[in-house]
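Structure first, commentary second.
The values are calculated or read from the model by the stated rules, or taken from the named source; none is laboratory data. Small disclaimer: the values here were computed from a predicted structure and weren't measured. We place every Cβ from the backbone using ideal geometry, glycine too, and count neighbours over all the protein chains shown. Note: accessible area is taken over every heavy atom of the protein model, side chains too, but ligands, DNA and RNA are not part of it. Shrake-Rupley method; radii C 1.70, N 1.55, O 1.52, S 1.80 Å.
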Amino acid sequence: MKRSALPVALAAAVLLLTACTSGSGGTAAKTTAAAAPTPKTYGCLTKDQAAKGSFTLDAGTTGGTDLDAYYRDSDAGNAKVGVVFSHQLQGSLCEWAPVLDDFTRAGYAVLAFTSEGDVTEGIKAAATYYQGKGVGALALVGASKGAAASLVAARLDNPLPVKAVVSLSSPEAYGQYNPAVAVRTVKTPCYFAAEEFDPPFNAAAKALYEASAAEDKQLKIYPGGNHGAPLLKDGALPDVLAYLAKHAPAAG
């Protein structure tokens with residue numbers, strides 16, 4: 001009697017399946033590598049910017065927590081002066097995204113971070129990071145709460161010297177920050193700015209300017225009613241870059 005070919009075919013299939021699934025406990029070997037993590041755009045950076053500059057700023061050495069951050073060297077490379085950008089209340093590093101390229105074209109390295117805690121600790125952490133990049137000095141640019149913290153940070157011990165502070169819409173006091181007191185002893189050049197229809201910050205800019213002991217200080221009230229970082233796109237950017245070029249030149 002002729003044997004059927006079906007059992008033979010089934011046996012061959014079983015052997016083939018066993019060979020394919022043998023090893024690693026009988027599970028099929030993975031043939032695709034795990035996808036690389038996507039860099040953080042923070043909702044405002046391009047994918048290219050994120051790939052080149054998004055990172056986590058280690059603030060642990062100053063008692064803080066890790067912070068979302070963005071760093072980029074100047075277009076020419078090897079910047080000697082770095083700008084630290086500090087945002088306003090409930091803001092983020094995204095406030096500065098529209099102007100970061102303007103600063104790198106001017107020869108500065110840029111570092112913006114997002115912080116819900118003590119901004120002065122974030123500034124110290126940024127200075128430490130800059131040290132590792134070979135940067136020798138800082139310029140601080142802050143908006144509202146971040147401006148108040150920047151004015152206070154200028155009189156604190158920092159890993160790098162602060163050559164200039166740009167205060168955009170700072171209040172006279174905010175929480176643990178008291179810039180109205182700090183400016184009376186800070187000799188660092190300070191640029192105070194606000195917009196005409198942004199009370200009480202327009203009056204605060206004038207009061208801080210008048211109280212300031214800075215070796216060279218400047219006050220500018222711009223038209224409009226915007227607050228904080230948008231001042232740079234409302235006309236303050238060329239003035240700020242000119243002020244920094246005088247007191248914190250990018251070449252060091």
Quickly run through the stretch 186-236 and pick out the residues that are closer than 18 Å to Leu138 by Cβ and of a type in the set (Val, Ile, Thr). Val186, Thr188
Enumeration of residues in the stretch 115-143 that are of a type in the set (S, T, N, Q) and under 18 Å from Val181 (Cβ atoms): Thr120
Would the stretch 23-39 turn up any residue that is at pLDDT below 95 and closer than 29 Å to Ala236 by Cα? no
Those residues of the stretch 215-239 which are touching a strand residue (DSSP E or B) at 6+ places or on another chain (Cβ under 8 Å), part of a loop (DSSP other than H, G, I, E, B) and either on the phi > 0 side of the Ramachandran plot or in contact (Cβ under 8 Å) with a residue 40 or more places away in the chain (or both), in sequence order: Gly224, His227, Gly228, Gly235
Condition met for Thr104 (open to solvent by less than 50 Å² (accessible area, probe 1.4 Å), more than 19 Å from Ser150 (Cβ to Cβ) and assigned to a helix (DSSP H, G or I)): yes
Residue that is most open to solvent (accessible area, probe 1.4 Å), among those in the stretch 146-170 that are assigned to a loop (DSSP other than H, G, I, E, B) and in contact with a strand residue (DSSP E or B) (Cβ under 6 Å, 6 or more places away or on another chain): Pro161
Can you confirm whether Ser74 is over 18 Å from Ser169 (Cα atoms), touching a helix residue (DSSP H, G or I) at 6+ places or on another chain (Cβ under 7 Å) and among the small types (Gly, Ala, Ser)? yes
Hits in the stretch 171-189 - residues which are in a loop (DSSP other than H, G, I, E, B) and either touching a Ser or Thr at 6+ places or on another chain (Cβ under 9 Å) or open to solvent by 30 Å² or more (accessible area, probe 1.4 Å) (or both): Pro171, Glu172, Ala173, Gly175, Gln176, Asn178, Val183, Arg184, Thr185, Val186, Lys187
Restricting attention to the stretch 183-201, does a residue exist that is modelled with pLDDT under 95 and at negative phi? no
Looking at (1) at positive phi; (2) in a strand (DSSP E or B), which is the one condition that is false for Asn78? (2)
In the stretch 120-145, which residues are free of Cβ contacts under 8 Å to residues at least 40 places away in the same chain and buried (at least 22 other Cβ atoms within 10 Å of the Cβ)? Ile123
Out of (1) out of contact with any helix residue (DSSP H, G or I) (no Cβ under 7 Å at 6 or more places or on another chain); (2) modelled with pLDDT of 95 or more; (3) of a type in the set (Lys, Arg), the odd one out for Lys52 is which? (2)
State whether one or more residues within the stretch 192-200 are of a type in the set (A, V, I, L, M, F, W, C) and under 19 Å from His247 (Cα atoms). yes
If you go through Leu67, Leu45, the only one that is open to solvent by less than 30 Å² (accessible area, probe 1.4 Å) and within 20 Å of Gly132 (Cβ to Cβ) is Leu67
Given the residues Phe197, Phe192, which is the only one that is of a type in the set (Phe, Trp, Tyr) and surrounded by 14 or more Cβ atoms within 10 Å (Cβ to Cβ)? Phe192
Can you name the number of the only condition in (1) within 15 Å of the chain's Cα centre (by Cα); (2) closer than 22 Å to Phe55 by Cα that Ala147 fails? (2)
